[in-house]
Structure formats: structure tokens, C-alpha cells
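To start, the structure itself, in C-alpha cells.
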Amino acid sequence: DTGVSQDPRHKITKRGQNVTFRCDPISEHNRLYWYRQTLGQGPEFLTYFQNEAQLEKSRLLSDRFSAERPKGSFSTLEIQRTEQGDSAMYLCASSPGAVGADTQYFGPGTRLTVL
Amino acid sequence: DAKTTQPPSMDCAEGRAANLPCNHSTISGNEYVYWYRQIHSQGPQYIIHGLKNNETNEMASLIITEDRKSSTLILPHATLRDTAVYYCIVRVNRDMRFGAGTRLTVKP
């Protein structure tokens, strides 16, 4: 399968712990995005990378959140000192970086539960 | 990015065409119309997109009105597996702004 992959698919943690999620984009896609989705809502944009550069961050991305894409391939999203409000599905998407219509393809998501 | 309006829910009989409307009256000339769907607990799945012309692929057809203020996603022969939340998005910028979408239920 050559789609976007995310790991782990599910994570249960206790409040105050740190968690890290990984996203592997479609090969040769130079744009990578992170979204968060809470129950009953559509996905909300968190941040975006063009190759290894983080170019945009949402106000939703508090100081406890950090994302990296060190070599312009896979990306990690870390949440420090998790809170119960962080419980959500974290989605990763990638796109080729085309001019005009640049279609994003989503991974299966990582479901985080903070106890 | 322009805002979209979709009905919260729709039903469709299995085997019939499902026509999902979307209003985007404030769309700009360079904004594309995208459709995604999300089956429970999965990531959003890309369906189709268009700018001005109607588009068709193996999954669906997209009909965009001449003034581009609304569009309709057509699933020609809906199956039970098409039950999902369908999102209509208009964008030219990088991030996708998802609304609440339309929950389509295909019934036997």
C-alpha cells in the first residue's frame, strides 16, 4: 500500500504524559499536513510542512504541541503534558505540492484517548 | 477560503443515485470545489474536485453550476458502503476547512 500511513492507530495515555505520533506521507509528496478531529466535528487544520520547513501553524497548536519533519519525509507530532481535552483523532495528509489544485490524501489517523 | 453550506443529513435507497448538494455562494474565481467522504473512524477519502467544468471519475460525478455558486456530488448507484459523512470544501489555500458535512445513509 502506497498511501499515507500513521502510527500508532490508537494511543491511550494518562493525563500529564507525553505522546508522539508518526506520519509517513505518500512517496515524493513534498507537502504534509496535520489535522485534529473531535467527535462529531470535521477535521481542523493544525500545521503544514513544505519539505522540512514548517510554514503554517493554527492557533489550535498550543505550546504543548510540536511537529517536525526533519528530512522532508516522515513527520512526528508530539504532545507534551497531555490533557483530557487533547483526546481526539489526529490525522495526517500529504499532497504533491502542485500549483492550483493540490489534492490532499489522508492517512487513517491516530486516535488518542487521555485518561 | 469560501464557506460552504450542506444539508446535515440525507437518505438514499441502495442502487439509486445519491445527489448531495453544496452551496458556496461566496466562492472566488480561483477556488476549487473538493469533495471528501469519511466513513466512521477512518481518515477522509478524496472523491473528486473541479474548478468550472463538470467532472467525472470512477467514484462520482461533480456538477458545478455556471455561476459556480453551488455544486452537486452524484453517486450514480449508491451502495451500503457509501454510507458516510460527505464534505464539500472550496479552497485555494493550503489547508482544508472542513464544515460539518452531510451524513448520507444508504438504506437497503
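Observations on the structure shown:
- Leading residue by the ranking (least open to solvent (accessible area, probe 1.4 Å)) among those in segment A:75-84 that are free of Cβ contacts under 8 Å to residues at least 60 places away in the same chain and either among the basic types (Lys, Arg) or out of contact with any Cys (no Cβ under 6 Å at 6 or more places or on another chain) (or both): A:Leu77
- A residue that is closer than 21 Å to A:Val4 by Cα and modelled with pLDDT under 95 cannot be found anywhere in segment B:70-85.
- The residue that is nearest to A:Gly42 (Cα to Cα), counting only those in segment A:92-105 that are open to solvent by less than 30 Å² (accessible area, probe 1.4 Å) and facing chain B (nearest Cβ under 7 Å), is A:Gln104.
- Meets criteria (in a loop (DSSP other than H, G, I, E, B), out of contact with any helix residue (DSSP H, G or I) (no Cβ under 8 Å at 6 or more places or on another chain), of a type outside the set (Phe, Trp, Tyr) and within 30 Å of A:Leu55 (Cα to Cα)) for B:Gly29: yes
- Qualifying position, being more than 24 Å from B:Tyr46 (Cβ to Cβ) and touching a Ser or Thr at 6+ places or on another chain (Cβ under 9 Å), among A:Thr103, A:Thr82: A:Thr82
- Residue among A:Arg22, A:Arg59, A:Arg69, A:Arg111 that is charged (D, E, K, R), within 13 Å of chain B (Cβ to nearest Cβ) and under 12 Å from the mean Cα position of the chain (by Cα): A:Arg111
- Positions within segment B:1-31 being buried (at least 19 other Cβ atoms within 10 Å of the Cβ) and either acidic (Asp, Glu) or farther than 15 Å from B:Arg81 by Cα (or both), in sequence order: B:Thr4, B:Gln6, B:Leu20, B:Cys22, B:His24, B:Ile27
- Residue under evaluation B:Asn19, criteria (1) over 24 Å from A:Gly40 (Cβ atoms); (2) not in a strand (DSSP E or B), criterion not met: (2)
- Filter result for the condition that a residue is closer than 19 Å to B:Pro44 by Cα and of a type outside the set (A, V, I, L, M, F, W, C), over A:Arg31, A:Arg64, A:Arg59: A:Arg31
- Any hit, segment B:47-66, residues being loosely packed, with under 14 Cβ neighbours inside 10 Å, charged (D, E, K, R) and free of Cβ contacts under 8 Å to residues at least 12 places away in the same chain: yes
- None of B:Ser61, B:Ser71, B:Ser28, B:Ser41 is within 12 Å of chain A (Cβ to nearest Cβ) and among the small types (Gly, Ala, Ser) except B:Ser41.
Residue-by-condition table, conditions (1) under 30 Å from B:Ser9 (Cβ atoms); (2) in contact (Cβ under 8 Å) with a residue 12 or more places away in the chain; (3) part of a strand (DSSP E or B):
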position	(1), (2), (3)
A:Gln17	no, yes, no
A:Phe21	no, yes, yes
A:His29	no, yes, no
A:Gly40	yes, no, no
A:Phe49	no, yes, yes
A:Glu56	no, no, yes
A:Leu60	yes, yes, no
A:Ala67	no, yes, yes
A:Ser73	no, yes, no
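- Selected residue [charged (D, E, K, R) and surrounded by 14 or more Cβ atoms within 10 Å (Cβ to Cβ)] from A:Arg64, A:Arg31: A:Arg31
- Among residues of segment A:76-96, those that are of a type outside the set (Ser, Thr, Tyr) and either within 13 Å of A:Pro8 (Cα to Cα) or touching a His at 6+ places or on another chain (Cβ under 7 Å) (or both), counted: 6
The values are calculated or read from the model by the stated rules, or taken from the named source; none is laboratory data. These numbers come from a predicted model, not from an experiment. All Cβ positions, glycine included, derive from the backbone under ideal geometry; neighbour counts span all protein chains shown. Side chains included, ligands, DNA and RNA excluded: accessible areas come from the protein's heavy atoms. Shrake-Rupley method; radii C 1.70, N 1.55, O 1.52, S 1.80 Å.
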